[in-house]
Amino acid sequence: MATHTVLSWIPRNLQSVDSAQVSEETQFVDLKERLRKAVEESYPVEITEAELNQYIEEKLTLTQSPIVDDFVQINGVYVDLLPNLIEITIERTFDYPSNVEDDGSKKLGFLPFTQTVTMQLKVHSELDSDGAVKTMVEFPGGSFGRAPAPGMLVILVKPSYDVLADFFAEELDLGYRQMTYVTVEDGVIKLDPRPLGSEQP
């Protein structure tokens, strides 16, 4: 139990996430426009992990939950695409607003500190009993720092993920609700808006 607690406060290593640190030379891709055209003209589209993380880096301005905004600053959001699985990691810094003494020293010496929290989304498309295509999303779990956590425990930080969903509401509508098929592979997500009966993966 003690080991699990310690690991939960050690930030996850994000080096494996493509474009977790976006370089200035990387060309920005307007993913919302790419999705819009794919839906309007009915053709499949792919989005790489690097493109997705670059888009988030460029577009995201987080309005934090009033429950935590005095104590928590969200530094970044990173997406890792794996076979049938999307891992969304939020990097957060905890601090106390009045944590400085008159002489400049810290009242609470262990602050500020950085933590990561990761939520997993299991995503796959399948035919239901009526022959219609449904894209299923499940929440198998995630992690606090480097400590694994079941889905119900990760729900505790759901307000931070709700902020993301609200901010990217248009992109989610185009890339999820208006797509017939959604396939997540290693480093890429494939989306197909063509109606059932067209050529599909």
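None of the figures in this text is laboratory data; all of them are computed from the coordinates on show. In this text the structure is predicted, and so the values were computed from the model without any measurement.
Among the listed pairs 59/190; 59/134; 106/158, which have their C-alpha atoms separated by more than 27 angstrom in this model? Beyond 27 Å: 59/134; 106/158. The stretch between residue 169 and residue 129, if pulled fully straight at 0.36 nm per residue, gains 11.5 nm over its current Cα-Cα span. 3J(HN,Hα) along region 38-46: 4, 5, 5, 9, 6, 9, x, 9, 10 Hz, from the Karplus curve 6.51 cos²θ - 1.76 cosθ + 1.60 with θ = phi - 60°, whole Hz, x for Gly and Pro. Phi-derived couplings, Karplus 6.51 cos²θ - 1.76 cosθ + 1.60 at θ = phi - 60°, listed residue by residue for region 188-193: 8, 10, 10, 10, 9, x Hz, with x used for Gly and Pro. Amide H contacts for residue 188 (H built 1.01 Å from N in the peptide plane; partners 5 or more residues away or on another chain; cut-off under 5 Å): 49. Amide H contacts under 5 Å for residue 180: 192, 194, restricted to partners 5 or more places along the chain or on a different chain, H placed in the peptide plane at 1.01 Å from N. Near the amide H of residue 76, within less than 5 Å, lie the amide hydrogens of 91, all on another chain or at least 5 residues away, with H placed in the peptide plane. Remark: region 121-130, residue by residue, has Karplus-estimated 3J(HN,Hα) of 10, 8, 10, 7, 9, 8, 7, 8, 5, 8 Hz, where x stands for each Gly or Pro and the curve is 6.51 cos²θ - 1.76 cosθ + 1.60 at θ = phi - 60°.
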